[in-house]
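Asker: Next up is a structure, given as structure tokens.
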Amino acid sequence: MAVPLFDTATPLAPLEPEINAKVAEIIASKRFIFGPEVEAFEREFAAYIGTKHAIGVANGTDALLLALRALGVGPGDEVIVPSFTFFASAEPVALLGATPVWCDIDPATFVMTPDTVRAVLTPKTKAIIAVHLFGNVAPVEELAELGVPVIEDAAQSAGTRLADGRRPGALGTIATFSFFPSKNLGAFGDGGMITTDDPALAELIEHYRFHGSKDKRTFVYVGHNSRLDALQAGILRVQLPHLDAWSDGRRAAARAYAEAGLGELVTLPTPTPGAEPAWHLFVTRSDRADELLPALKDAGIGAAAYYRVPAHLQPAMRPYPPTAELPGTEEAARTNLALPMSPVLTREQVGEVVAAVGALAPALQ
Ligand SMILES: Cc1ncc(COP(=O)(O)O)c(C=O)c1O
């Protein structure tokens, strides 16, 4: 039995009639930009995350760009960001003329720690981007104690919660989400969201996303054209009530992997204290990841390596060399091995994956 790396189709199948009806309704309304669907989704998403404001934008990269701008980040500023993340976490920092300063991660959790951030903090640090990688939770509150605003990059952590009920997206100064189709909450195209409790930041971002204007007549700032469109908002509205059940499915799959003994074959990801991750990707570690990858694929098991070349080593980031050693980043980049994860991964599929890894492991020794 083949097991795909992720499965976005099966969870959406039962929602298809409702989604089709919603799309038809929006097409009939002819309200494609801003309007009631976007406003309703912003309200519902803010309520779900637990913030006062949620502002729809075109994608998760723009969400970071606008959040950084709203915090006043520009030339001469430094922004601390992990290197072990998708390139888009750091790209908007450079785009604004500021300097990405790379912090290390703990390879057990794949997220930054107060120590790795403290190691690269300087008087020029204007913000910290806390990436909740793979659905785990970065220690936002401890980072906030360093006295610098914390932007949560929550692109991969929709559906994750803390044991006390709070969620990523409501822990820092401001947070950003991506609704790229394969994310835990995925649109049928691009989409993004910014959440915050700060009314002044929300007001700035409402201007920035539409050419620096709120009324389309007075242009207060030089802004952007970065909107979440009504069709995507409508499709996401249908899905949002199901996100918690889907996230429970992801948590159950992670438990099933542990119970099936996967942890004896490869190193399992460790949730940070208090985190109940809705694993976006189930990323294990093995010294033999590069040998296991093709062998698992041959056995019909979806497997992938993420960020083998971390952001600080990408050609575009040559102007920003690291200011500290990044051993956790190097280890995670070298050894990570993502195995199948989805809201509907069955115990049988988990059994297949663990059996395949188990069958290959001795042969590779
Ligand atoms: C951690 C992280 N940050 C930012 C982004 C950017 O989001 P988008 O693709 O919607 O621009 C992504 C995903 O693509 C991501 O995984």
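Asker: Can you list residue pairs whose Cβ atoms sit under 7 Å apart, with the first residue in segment 1-12 being over 19 Å from residue 338 (Cα atoms) and touching a residue at least 24 places away in the same chain (Cβ under 8 Å) and the second being part of a loop (DSSP other than H, G, I, E, B) and not aliphatic (A, V, I, L, M)? Count only pairs 6 or more apart in sequence or on different chains.
Answerer: Between residues of segment 1-12 that are over 19 Å from residue 338 (Cα atoms) and touching a residue at least 24 places away in the same chain (Cβ under 8 Å) and residues that are part of a loop (DSSP other than H, G, I, E, B) and not aliphatic (A, V, I, L, M), the close pairs are 11/343.
Asker: In segment 142-155, what count of residues is obtained for those that are within 16 Å of the ligand (Cβ to nearest atom) and either small (Gly, Ala, Ser) or open to solvent by 20 Å² or more (accessible area, probe 1.4 Å) (or both)?
Answerer: Qualifying residue count, segment 142-155: 2.
Asker: Also, I was wondering about something else. Just give me the residues in segment 26-39 being loosely packed, with under 14 Cβ neighbours inside 10 Å and of a type in the set (A, V, I, L, M), in sequence order.
Answerer: 27, 28, 33
Asker: Moving on to the next point. One residue is enough: does segment 121-141 have a residue meeting the conditions at positive phi, more than 15 Å from the ligand (Cβ to nearest atom) and open to solvent by less than 40 Å² (accessible area, probe 1.4 Å)?
Answerer: no
Asker: Do we have residue 233 as in a helix (DSSP H, G or I) and more than 16 Å from the ligand (Cβ to nearest atom) here?
Answerer: So residue 233 fails the test.
Asker: Search segment 222-241 for residues that are farther than 14 Å from residue 179 by Cβ and pair each with any residue that is acidic (Asp, Glu) when their beta-carbon atoms are under 8 Å apart and the residues are at least 6 apart or on different chains.
Answerer: Qualifying pairs under 8 Å: 224/62.
Asker: Taking only pairs six or more apart or across chains, which ones have beta-carbon atoms under 8 Å, a first residue in segment 268-293 that is in contact (Cβ under 8 Å) with a residue 60 or more places away in the chain and within 20 Å of residue 86 (Cα to Cα), and a second residue that is open to solvent by 40 Å² or more (accessible area, probe 1.4 Å) and part of a strand (DSSP E or B)?
Answerer: Listed by first residue and then by second, the contacts come to 278/161; 285/267.
Asker: Give all pairs with beta carbons closer than 7 Å in which a residue from segment 57-76 that is more than 24 Å from residue 231 (Cβ to Cβ) and more than 8 Å from the ligand (Cβ to nearest atom) meets a residue that is part of a loop (DSSP other than H, G, I, E, B) and hydrophobic (A, V, I, L, M, F, W, C); count only pairs at least 6 apart in sequence or on separate chains.
Answerer: Close Cβ pairs satisfying both conditions: 68/96; 69/96; 73/96; 73/98; 74/96; 74/98; 75/98.
Residues checked against (1) open to solvent by 20 Å² or more (accessible area, probe 1.4 Å); (2) out of contact with any Phe, Trp or Tyr (no Cβ under 9 Å at 6 or more places or on another chain):
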| residue | (1), (2) |
| --- | --- |
| 163 | yes, yes |
| 170 | yes, yes |
| 174 | no, yes |
| 179 | no, yes |
| 186 | no, no |
| 190 | yes, no |
| 201 | no, yes |
| 204 | yes, no |
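Asker: Name the single residue, out of those in segment 226-278 being under 30 Å from residue 69 (Cβ atoms) and in contact with a strand residue (DSSP E or B) (Cβ under 7 Å, 6 or more places away or on another chain), that is surrounded by the fewest Cβ atoms within 10 Å (Cβ to Cβ).
Answerer: Checking each candidate, the answer is 272.
Residues are listed down the side, and each one gets a yes or a no for (1) touching a Ser or Thr at 6+ places or on another chain (Cβ under 7 Å); (2) open to solvent by 60 Å² or more (accessible area, probe 1.4 Å); (3) of a type in the set (Phe, Trp, Tyr):
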position	(1), (2), (3)
19	no, no, no
48	no, no, yes
59	yes, no, no
73	no, no, no
85	no, no, no
89	no, no, no
116	no, no, no
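Asker: For segment 168-217, give me the residue count where each residue is within 16 Å of the ligand (Cβ to nearest atom) and either more than 18 Å from residue 35 (Cα to Cα) or assigned to a loop (DSSP other than H, G, I, E, B) (or both).
Answerer: So the answer is 24.
Asker: Restricting to segment 215-232, name every residue that is farther than 18 Å from residue 58 by Cα and β-branched (Val, Ile, Thr).
Answerer: 218, 220
Asker: Here is a further query. Given (1) assigned to a helix (DSSP H, G or I); (2) within 16 Å of the ligand (Cβ to nearest atom), where does residue 100 come up short, assuming only one miss?
Answerer: Looking at each condition in turn, residue 100 falls short on (1).
Asker: Is there any pair with a first residue in segment 158-183 that is under 23 Å from residue 65 (Cα atoms) and a second that is open to solvent by 30 Å² or more (accessible area, probe 1.4 Å) and among the small types (Gly, Ala, Ser) whose Cβ atoms are under 7 Å apart and which are 6 or more apart or on different chains, and what are they?
Answerer: Sorted first by the residue in segment 158-183, then by its partner, the pairs are 167/50; 170/50; 172/144.
The values are calculated or read from the model by the stated rules, or taken from the named source; none is laboratory data. Every value quoted in this text rests on a predicted model; they were computed, and no experiment measured them. Cβ coordinates were reconstructed from backbone atoms using ideal geometry, including for glycine residues, and neighbour counts include every protein chain displayed. Note: accessible area is taken over every heavy atom of the protein model, side chains too, but ligands, DNA and RNA are not part of it. Shrake-Rupley method; radii C 1.70, N 1.55, O 1.52, S 1.80 Å.
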